[in-house]
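Enquirer: Sharing a structure with you now.
The values are calculated or read from the model by the stated rules, or taken from the named source; none is laboratory data. Small disclaimer: the values here were computed from a predicted structure and weren't measured. Virtual Cβ from ideal backbone geometry, glycine too; neighbours counted across all protein chains shown. Surface accessibility is based on the protein's heavy atoms, side chains included, excluding ligands, DNA and RNA. Shrake-Rupley method; radii C 1.70, N 1.55, O 1.52, S 1.80 Å.
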Amino acid sequence: QNMKKFEQLRTDRISVEHRKFDTLANMVKKNIMISNAKGELIYMNNPMYALLEMQSDDVINKVITDTLIPDSIVETFEIAIKRRSKIENAEITIPKRQKVIDPVTGEYIFEE
C-alpha cells in the first residue's frame, strides 16, 4: 500500500514539474525543440509549433527524419545530436506551406 502511495506521489510530482517546464518554455521568445538520446523529439514549445504549423501528434515521440520538419532544421538537429550540445544562431529556412484538403480523406493537410 505504501509503495502504491509513493508511486502516485512521484507521478504527481513529475507532472507538476512538466507543467512548470512547459510554462517557462512557452514564456521564452525563442523556439525550443528537445530530443532524447535516441533522437526522438520529446518536446517543442508553442512558438515552435506555430512556426512549423504542426501539432504535437505530428512530431512528439518520432524520430525527426520521420516528420515533416524542414530539412534545414533536421540538418541542424543532427549536428546538435552528434555534438551532444545545443546549436544557437544557425541559419535555417522554413518554407511556407499551404493548407489544402486531402481529396481521399477529406482532412486538412499541408503542401509545400
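Enquirer: Among the residues of segment 59-87, how many are over 13 Å from residue 33 (Cβ atoms) and assigned to a loop (DSSP other than H, G, I, E, B)?
Expert: The qualifying residues number 4.
Enquirer: Residue 54 is checked against (1) part of a loop (DSSP other than H, G, I, E, B); (2) open to solvent by 80 Å² or more (accessible area, probe 1.4 Å); (3) at pLDDT 80 or above and fails just one. What number does that condition carry?
Expert: That leaves (2) as the condition not met.
Enquirer: Considering segment 57-92 alone, what residues qualify as being surrounded by 16 or more Cβ atoms within 10 Å (Cβ to Cβ) and among the acidic types (Asp, Glu)?
Expert: Once the filter is applied, which keeps residues that are surrounded by 16 or more Cβ atoms within 10 Å (Cβ to Cβ) and among the acidic types (Asp, Glu), segment 57-92 yields only 58.
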